[in-house]
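Participant: One structure is given below, represented as structure tokens, and several questions about it will come after.
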């Protein structure tokens, strides 16, 4: 099994040209080859702060090529614990070749 690569936010901020990234994303999504279903939203209780948090699941895939899912939690009251209100991760599978 291959080692999972983790990239922290400092690396992303230092090495990403965001204007170029946005242009590339617009281009590839406009080709209608990438399937992006409606995101899943699930609210769940956070008893520690007596408020709800939200889980967002955002999948996308290019059939027979790759797939990924962005997983986000939104906890607006996290500031009182010195944590960001929004936390997320992107899981991306390359060279998707599942055959049934």
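No lab work stands behind these numbers, since they all come straight from the coordinates. What you see is a predicted model; the values in this text were computed from it and never measured. Glycine also receives a Cβ, built like all others from the backbone with ideal geometry; neighbour counts cover every protein chain displayed.
Participant: Test of understanding: extend the Cα→C-beta vector of residue 83 to 7 Å, then name every residue of region 1-31 with backbone N under 18 Å from that spot.
Facilitator: Backbone N within reach: 9.
Participant: Taking the Cα atoms only, what angle lies between the long axis of helix 18-30 and the longest principal axis of the chain, rounded to 10 degrees?
Facilitator: 60
Participant: Right, here's the next one. Please identify, among 31, 65, 77, the residue showing maximal mean-square fluctuation in a Gaussian network model of the chain using a 10 angstrom Cα cutoff.
Facilitator: 31
Participant: Given q = 0.17, 0.25 Å⁻¹, what are the Debye log10 I(q)/I(0) values for the chain, with equal point scatterers placed on the Cα positions and solvent ignored?
Facilitator: The Cα Debye sum returns log10 ratios of -1.03, -1.34.
Participant: With springs only between Cα atoms under 10 Å, which of 68, 79, 88 fluctuates most in a Gaussian network model of the chain?
Facilitator: 79
Participant: Please report the spacing between the Cα centers of region 6-24 and region 28-100 in Å, no decimals.
Facilitator: Here the answer is 18 Å between Cα centres.
Participant: For the chain, set up a GNM with springs between Cα atoms under 10 Å and report which of 59, 47, 84 has the largest fluctuation.
Facilitator: 47
Participant: Here's another thing I want to ask about it. Can you tell me the length gained on complete extension of the stretch residue 54 to residue 41, counting 0.36 nm per residue apart and subtracting the Cα distance? Don't skip to the answer; put the middle values down first.
Facilitator: Values: separation 13, 0.36 × 13 = 4.68 nm, distance 0.69 nm.
That works out to 4.0 nm of additional length.
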